[in-house]
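Read through the structure below, which is laid out as structure tokens, and then see the notes.
A short reminder: the numbers here are calculations on the coordinates, not readings from a lab. Keep in mind that this is a model prediction, so the values were computed, not measured. In this analysis, Cβ positions are derived from the backbone assuming ideal geometry, glycine residues included, and neighbour counts consider all displayed protein chains.
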Amino acid sequence: MNLVHPAALALGALALPIVAFYILKVRLRRVPVSTLLFWEQIFEEKKPRSLWQTLRHWISLLLQLAFLALLVFALADPIFRWQQAQARRLVVVVDNSASMNANDVLPTRLEAARAEARRIVDGLRLGDELAIIAAGPEPRVACGLTDHQRTLREAIDTIAPIDAPTRVTEAVALARRLLSGTEKARKAIVVTDAGFDAAVEMARQEDVELIRVGAAETSNVAITRLQARRSLVDPVGYEILVEAASYAKEPVSCRLELDLDDDPIDVVPLTLAPGQPVVKMFEKTSADGGRLRARIDYADALPADNTAWAILPKRARQSVTLVTRGNIFLEKVFEAIPLVDLEVLKVEDGQPIPVPKPKGGGAAGAEGAPIVVYHRAVPETLPAGNVVVIEPGKSGPLWDVGEVLHNPVVAKQDKDSPLMANIRLDNVLMPEARKLTLKGTAQVLAESGSGDPLYAMVDRPVTGTGAEVSSKLAVLTVDLDKSDLPLQTVFPIMMTNLLNWYGGTKGELRESLAAGSTARVELPAAVDPKASRSLIVRAPDGTERTLAVPAGTNRGTVGPLDRCGIWTVRMGPGEPEKGGSTPPASTRAASAPPGAVVAELPCNLADRRESDLRPAEGLPEWPNRLAAGLAVRPIWYYLLASAWLLICWEWFLYQRRWID
């Protein structure tokens, strides 16, 4: 036996004053009496005794000395060698993934896992050390190695439910790193529902013990994928893709409900066969966009995957100024395109060609940026921004007009360019066009058999205006009055592609994110990249956290997104640079104001393995349980308990008059 605190044995010297108090005689008081006859008789019967004869209350003395001995040995903290040899280091890995929120075990599987972890803490033996790891999207150590049970229980209570996939394998690897470098017996104890593919292999490893929670057969229906994007053809149209699956023994009948900003847009019945995903496509129209929600009307054990979210971007209106000498087809094609605010400026022969300032504002290349279209009337100086030139009558700053091309045929077109999406010009009649010699760098979108460009994008030099402007100009050299291009369906598609390309609305896909992933958030262009900024990230459950954005960059990383729903990212308060002062009012006014919404991030479970609540095949039906063994409590605990019992026994003997 060893003593942890051998110096405590010195307290045994307290036995000397205890014995001395029992030896001391009680001094008698002098009291006047009427006669000494009776007192002399008593004195003869009780003559003075020797020193050891005065220890008449030896039972009480022995009890006091035994009580002192128990206290002294308890303070010395004795420990047996076999107890030191059997000490263990354990790490409990608590799976708090999305499937652990299933309520097939009341209240949830996660709460059952917490109860198992608390049971393991209560069963710690003398000398054991335990750590707690939460197997979230990024496994974290909730509590380091310790034998303090209260600290361990508090760490277990901090493990919160999340909607992210399982990371048990990475958590076990982290547990092995914690257990390395010790000669004690070590083991990682994983409390999980075993809903991951590596569970069977993990259960066979000697240094890992798997404790399974949850029912063996649990049915669940899930939306495994939801994506929405703007249509490539219709400016106000959008497309929705929904994938649903059932993880049950029997086919399931349910309803799929779609709504946009809480307004229902479609309801379809579904019949889901076990293990066979069903994919549905929807085409709808909306210019305002908003939050798109898909929901399965079916009660199961895991509500998190019954709802999925997507963000449909809003289409901004575009300001188009048409400067023309007159062409009804060109006017009508712009009027027919939704979201276009058209202003027509007709120029007569001999009049100066205006350089308009389009309405609507906005930087070039941004969504909803203004566009100027020149038809046959081109000024000497082109305005900054988005410019389209159709049928130029004379040479300009970026092109030279040559001879007339008779009956050119489109022999080659750039199929990879988004400007030529869904367009074929080889069957368009072009009785007349003008030969163009492009200056500088140009991208030819369509050219004739002789190699002459008919439709091209030309790089524009950026002037020192202090504003960011578009660096390309579109040129179309076809004579619209003689060609049948305005009568073809390809013409409105061509103009729509052009407006979308300039406006930045090229059928974009605002991808929905899977739970547990991270996202890069771009800050508004008005934000000064040299200043220190912060973002406020609001989770679907209403909790908020602040994210610092380093100076010198205009993007921040948000995540991991561990809850399903819509995450909102807003601008936080700016911070002055170290050693500097608050920026001037003019600089602050140009920045995005605090509280402005920077991005909305839709987050869905989108994990088939998490939605399948059944454990991996091949696991034992009943999990092993970690044995606590003997001597769960330290020896000092039993010594103090014995001292307490001894005091109670002495009180009982005193009350029964067995000791004085």
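At an R0 of 45 angstrom, the distance between the Cβ atoms of Asp288 and Thr546 translates into a FRET efficiency of 0.90. Per-peptide packing, taken as the mean over residues of other Cβ atoms within 10 Å, places 550-558, 514-522 in the sequence 514-522, 550-558 from highest down. Leaving out same-chain residues fewer than 8 places away, which aspartates and glutamates sit with a Cα under 13 Å from that of Lys249? Within reach: Glu217, Asp612. Distance between the pseudo-spin-label points of Val31 and Asn554 (7 Å out from Cα toward the beta carbon): 10.5 nm. Rounded if a/c is under 1.5, else prolate if a/b is larger than b/c, else oblate: which is the stretch 220-312, with a ≥ b ≥ c the root eigenvalues of its Cα gyration tensor? Verdict is prolate for the stretch 220-312. Rounded, prolate or oblate, given the Cα gyration tensor of the stretch 318-503, with a/c below 1.5 counting as rounded? Rounded shape, in that the Cα axes give a/c under 1.5. Judged by the mean number of other Cβ atoms found within 10 Å, the most tightly packed of the peptides 32-38, 128-134, 408-414 leads the ranking 128-134, 408-414, 32-38. A simple spin-label model places pseudo-atoms 7 Å from Cα toward Cβ; at Lys314 and Leu14 they are separated by 7.7 nm.
Averaging the sequence gap over all C-alpha pairs within less than 8 Å and six or more residues apart, then dividing by the number of residues, gives the stretch 182-282 a relative contact order of 21 percent. Spin-label model, Asp266 to Val597: label points 7 Å out along the Cα-to-beta-carbon direction sit 2.4 nm apart.
In plain terms, the chain from Asn407 to Thr441 could stretch by 9.6 nm, reckoned as 0.36 nm per residue minus the Cα-Cα distance. Amide H to amide H distances under 5 Å link Ala164 with Ala98, where only residues 5 or more positions off or on other chains count and H is placed in the peptide plane. Ordering Met100, Met202, Met420 by the number of other Cβ atoms within 10 Å of each residue's own Cβ, fewest first, gives Met420, Met202, Met100. Between Asp416 and Glu250, the C-beta separation translates, for a Förster distance of 41 Å, into a calculated FRET efficiency of about 0.25.
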